[in-house]
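Each remark here refers to the structure printed beneath this line.
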Amino acid sequence: MTTNDDFQKKYSKVWTRKINRYYDDRGHFLEHFRQNQAIDIDVNFVQDSVSFSHKNVLRGLHIQENQWQLSTLLRGSVRYFVLDVDPKSSDYLKLHILDLSTEGTSQVLAAPGVAHGFFAESSEVVMAYKTSTYYDDSLQYGINFSSFSDLNITFGNSIRSIRDMKFVGLTKILSNEKFNEFQSRII
C-alpha cells in the first residue's frame, strides 16, 4: 500500500484524517476507505459494522485482541477516546481525546493494543467501523471510564449499555492475569 498524506500519525499507534465530502443539491458523497490510500500497513479488513447513537451516549472503552480498527464518523460530532494498553508502546496507558466532526477530523485508525470509545455530542451520531478480525466477545475487554476521574472528564447524564457499565477500572484490569496474557500477545 502507498502512504496517503491525508493520514496523520497522532500517537504511537493512532492515525487520523479528514475525509473529503462532496456536496451538491442531492446531499453529499464521501469515500471512507480506499485500499491504495491507506497508510503503509499490512492489514486486511474483514468486517464492517455501524453504530447509531443519540446525544449523550457513551460507548467504550473497548478493545479486542490483535484487531486493527478504522472508525469513521459519518454523521454528528463526538469526543473520541483512545488508550494504548501495549506495554511496549511509548503511549502506554495514556488516554488521548480527539474531537471528531463531519467538518473536521472524522476518521481514526487504531492499531492492535489500543482501546477506544466515544461520547456523542450531537443529537445523532453514525459511526462506521472496519476491523481486521471478526467480532468475538471472548476476545474482548473493556475499561470503565470512571478510571479517568482524575482528568476531570464529565459526561453529564450519559447513556451507557449495561455491558459497558460493568467494565472494571484500569487498575483492576491491569492486575487481571488473562488481560496480562492478552497484553503479551499484542502484535
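The values are calculated or read from the model by the stated rules, or taken from the named source; none is laboratory data. Remember, predicted model here, so these are calculated numbers, not experimental data. No Cβ is skipped: glycine too gets one built from the backbone with ideal geometry, and neighbour counts run over all protein chains shown.
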>> Criterion first (more than 17 Å from Ala115 (Cβ to Cβ), among the charged types (D, E, K, R), in contact (Cβ under 8 Å) with a residue 24 or more places away in the chain and part of a strand (DSSP E or B)) does Arg17 satisfy it?
In response: yes
>> Given the options Asp99, Asp91, Asp164, name the one that is in contact with a strand residue (DSSP E or B) (Cβ under 8 Å, 6 or more places away or on another chain), free of Cβ contacts under 8 Å to residues at least 40 places away in the same chain and not hydrophobic (A, V, I, L, M, F, W, C).
In response: Asp99
> Leu70: within 21 Å of Lys10 (Cβ to Cβ), in a strand (DSSP E or B) and touching a Leu at 6+ places or on another chain (Cβ under 9 Å), yes or no?
Replying inline: yes
> Quick one: would you say Leu73 is surrounded by 15 or more Cβ atoms within 10 Å (Cβ to Cβ) and at pLDDT 95 or above?
Replying inline: yes
> Mind checking whether some residue in the range 153-161 is loosely packed, with under 11 Cβ neighbours inside 10 Å and over 30 Å from Ile19 (Cβ atoms)?
Replying inline: yes
> If we scan the range 80-89, do we find a residue that is of a type outside the set (Ser, Thr, Tyr), within 11 Å of the chain's Cα centre (by Cα) and farther than 15 Å from Leu174 by Cβ?
Replying inline: yes
> Inside the range 130-148, can you point out the residues that are within 14 Å of Ser49 (Cβ to Cβ) and surrounded by fewer than 17 Cβ atoms within 10 Å (Cβ to Cβ)?
Replying inline: Tyr134, Tyr135, Asp136, Asp137, Gln140
> Among the helices (runs of 4 or more DSSP H) contained in the range 100-187, which hold 3 or more residues that are touching a Phe, Trp or Tyr at 6+ places or on another chain (Cβ under 8 Å), polar (S, T, N, Q) and more than 22 Å from Asn44 (Cα to Cα)?
Replying inline: none
>> Checking the condition within 12 Å of Phe81 (Cβ to Cβ), of a type in the set (S, T, N, Q), modelled with pLDDT under 95 and more than 17 Å from the chain's Cα centre (by Cα), which residue from Ser158, Ser138, Ser147 passes?
In response: Ser147
>> Going residue by residue through the range 26-45, is there one that turns out to be modelled with pLDDT of 85 or more, part of a loop (DSSP other than H, G, I, E, B), surrounded by 12 or more Cβ atoms within 10 Å (Cβ to Cβ) and on the phi < 0 side of the Ramachandran plot?
In response: yes
> Inside the range 145-159, can you point out the residues that are in contact (Cβ under 8 Å) with a residue 40 or more places away in the chain, under 17 Å from Leu93 (Cα atoms) and in contact with a helix residue (DSSP H, G or I) (Cβ under 9 Å, 6 or more places away or on another chain)?
Replying inline: Phe145, Phe148, Ile153
>> Give all pairs with beta carbons closer than 8 Å in which a residue from the range 167-187 that is farther than 9 Å from Ile143 by Cβ meets a residue that is in a helix (DSSP H, G or I) and of a type in the set (S, T, N, Q); count only pairs at least 6 apart in sequence or on separate chains.
In response: Thr171/Ser147; Leu174/Asn180
